[in-house]
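Input: a single structure, listed below in C-alpha cells.
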Amino acid sequence: MGVLSTASLFAATVTTGLTAGLFAAFAYAVMPGLARTDDRTLVLAMRRINESILNGWFAVCFGGALLFTLLAAALHLGAERRAVLPWIVAGLLLYLVVLGVTAVVNVPLNNVLARAGDDATDLAALRARFEVTWVRGNVVRAVASTGAFGLLAWALVAEGRLVG
C-alpha cells in the first residue's frame, strides 16, 4: 500500500505540474504574444489551439491530475499516512478551482470562437468578447494549478520524511 500511495502522489504531482506549466505558459507567453497580433490571427490561432489541444497527452495531464490526486487522497486516509493528507486535500481543492474556471469561463469562450466559424465577419467583436475574459480565467487557472502543484510537491516531501 505504501508504494501505491507514494506512486499515486507522485503521479498527481507530475500531472498537476504539467497542467500548471501549460496554463502558466499561456499566461506569460502565448496570450501576450497573441495580444500583439491582429484580430484574425488571434481568433484563428486560438481556434486551432483549441482543436489541437484535445488529445491524449492533454487528457492524461488535465484529467490525470484530478484522478491521481483523488487516488492519493484516498490512499492516505490510513493513520500511518494521514499526516500528508491535508496537503493533498488542499491541492485537490485548488485543482477543483482550475476545473471550475475551465468549465465556466474558458471552455464556453472557446466554444464561442468555434461556433463563429472561419468566415466570421466581425473579428474585432469576436475578439473583444473572448480575449480579456479568457485571459483572466486562464491566469486564475495558472495560479490555482501552480498552487496545487506546490502543495502536492510539499506532500511528496512530507511523505518522504514519513517513510525515510
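The values are calculated or read from the model by the stated rules, or taken from the named source; none is laboratory data. All of these numbers come straight from a predicted model, not from anything done at the bench. Neighbour counts are summed over all protein chains in view; Cβ atoms, including those assigned to glycine, are modelled from backbone coordinates with ideal geometry. Surface areas here come from the heavy atoms of the whole protein model, side chains and all, with no ligands, DNA or RNA. Shrake-Rupley method; radii C 1.70, N 1.55, O 1.52, S 1.80 Å.
Restricting attention to region 68-85, the residues that are out of contact with any Leu (no Cβ under 9 Å at 6 or more places or on another chain) and open to solvent by 70 Å² or more (accessible area, probe 1.4 Å) total 2. The residue pairs whose first member lies in region 90-109 and is within 15 Å of Thr15 (Cβ to Cβ) and at pLDDT 95 or above, whose second member is open to solvent by 20 Å² or more (accessible area, probe 1.4 Å) and part of a helix (DSSP H, G or I), and whose beta carbons are closer than 6 Å, counting only pairs six or more residues apart or on different chains, are Gly91/Leu151; Leu94/Gly147.
Residue under question is Ala148, and the condition is that it be at pLDDT 90 or above, within 27 Å of Arg47 (Cβ to Cβ), under 15 Å from the mean Cα position of the chain (by Cα) and of a type in the set (Gly, Ala, Ser); does it hold? Criteria not met by Ala148.
Residues in region 1-28 that are at pLDDT 95 or above, open to solvent by 40 Å² or more (accessible area, probe 1.4 Å) and touching a Leu at 6+ places or on another chain (Cβ under 7 Å): Phe10 only.
Checked against (1) of a type in the set (Gly, Ala, Ser); (2) open to solvent by less than 30 Å² (accessible area, probe 1.4 Å); (3) in contact with a Gly (Cβ under 9 Å, 6 or more places away or on another chain), Ala90 meets all criteria but (2). Confirm whether Thr15 is farther than 17 Å from Ala158 by Cβ, without any contact (Cβ under 8 Å) to a residue 12 or more places away in the chain and polar (S, T, N, Q). When the stated conditions are applied, Thr15 does not pass them. Based on what the data block shows, is Ala155 part of a helix (DSSP H, G or I), among the aliphatic types (A, V, I, L, M), open to solvent by less than 40 Å² (accessible area, probe 1.4 Å) and closer than 16 Å to Leu9 by Cβ? Answer is yes for this residue. When region 30-49 is filtered for residues that are among the hydrophobic types (A, V, I, L, M, F, W, C) and open to solvent by less than 50 Å² (accessible area, probe 1.4 Å), the ones remaining, listed by number, are Val30, Met31, Leu34, Leu42, Val43, Leu44, Ala45, Met46, Ile49.
Checking each residue in region 64-89 for being farther than 14 Å from Ala148 by Cβ, part of a helix (DSSP H, G or I) and small (Gly, Ala, Ser) picks out Ala74, Ala83.
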